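Q: Starting off with a structure, shown below.
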Amino acid sequence: MVILYLVKEFIIIGCLAIGGGMVALPFIQNIASDTGWITEKQIIEMIAISEITPGPILVNMATYIGYIVAGLIGGILTTIALILPQIIIVFFIYKVFNKFKDNENVLIFFKGIRPV
């Protein structure tokens, strides 16, 4: 049950936390306050560890929380739950762009925004 709750929460975070790892802190604090599974001290430690380890901060935070709360399986599943929405979104964007890749207006648009 704990793992399902974490997976659900991190899918939501993956959908809504646009802008980096620090944007997700309110979501993580809500998880901490609603469940009591992680303390404020652990959140501070999580931020510090996520900052010094390689990789995206939010992915590191998801892995850390999943591991602390539900062990190795929790860490793996929360990480997958976090990145799954972005994978799906990028897949659909690819499908749409691929459909219009030879359109003259689309080519002009991309040529215009390339310097930006």
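The values are calculated or read from the model by the stated rules, or taken from the named source; none is laboratory data. Note that the structure is predicted; figures quoted are calculated from it, not measured. As a convention, Cβ positions derive from the backbone with ideal geometry for all residues, glycine included, and neighbour counts pool all protein chains shown. Side chains included, ligands, DNA and RNA excluded: accessible areas come from the protein's heavy atoms. Shrake-Rupley method; radii C 1.70, N 1.55, O 1.52, S 1.80 Å.
Q: From the list Ile88, Ile93, Ile49, which residue is touching a residue at least 12 places away in the same chain (Cβ under 8 Å) and farther than 17 Å from Leu6 by Cβ?
A: Answer to the selection: Ile49.
Q: From Val7, Val23, which residue is open to solvent by 30 Å² or more (accessible area, probe 1.4 Å), more than 18 Å from Gly66 (Cβ to Cβ) and in contact with a Leu (Cβ under 9 Å, 6 or more places away or on another chain)?
A: Result: Val23 is the single residue among Val7, Val23 that is open to solvent by 30 Å² or more (accessible area, probe 1.4 Å), more than 18 Å from Gly66 (Cβ to Cβ) and in contact with a Leu (Cβ under 9 Å, 6 or more places away or on another chain).
Q: Okay, moving on. Take segment 52-85 and flag every residue that is closer than 18 Å to Val7 by Cβ and of a type in the set (S, T, N, Q).
A: Of everything in segment 52-85, those that are closer than 18 Å to Val7 by Cβ and of a type in the set (S, T, N, Q) turn out to be Asn60, Thr63, Thr78, Thr79.
Q: Turning to a different aspect of this structure: Scan segment 89-101 and give yes if some residue there is farther than 30 Å from Glu45 by Cβ, open to solvent by 70 Å² or more (accessible area, probe 1.4 Å), at pLDDT 90 or above and not hydrophobic (A, V, I, L, M, F, W, C), otherwise no.
A: Yes, there is a match, as at least one residue in segment 89-101 is farther than 30 Å from Glu45 by Cβ, open to solvent by 70 Å² or more (accessible area, probe 1.4 Å), at pLDDT 90 or above and not hydrophobic (A, V, I, L, M, F, W, C).
Q: Based on what the data block shows, is Thr78 without any contact (Cβ under 8 Å) to a residue 24 or more places away in the chain, surrounded by 11 or more Cβ atoms within 10 Å (Cβ to Cβ) and within 19 Å of the chain's Cα centre (by Cα)?
A: no
Q: Could you please tell me which pairs satisfy a Cβ distance under 7 Å, a separation of 6+ or placement on different chains, a first residue in segment 2-29 that is without any contact (Cβ under 8 Å) to a residue 60 or more places away in the chain and of a type in the set (Val, Ile, Thr), and a second residue that is crowded, with 19+ Cβ neighbours inside 10 Å and assigned to a helix (DSSP H, G or I)?
A: Every condition considered, the pairs that remain are Ile28/Met61; Ile28/Ile65.
Q: Return the residues of segment 26-44 that are β-branched (Val, Ile, Thr) and surrounded by fewer than 15 Cβ atoms within 10 Å (Cβ to Cβ); say none if nothing qualifies.
A: Thr35, Thr39, Ile44
Q: Out of the residues in segment 1-21 that are under 16 Å from Ile87 (Cα atoms) and among the aliphatic types (A, V, I, L, M), state the one that is modelled with the lowest pLDDT.
A: Ile18
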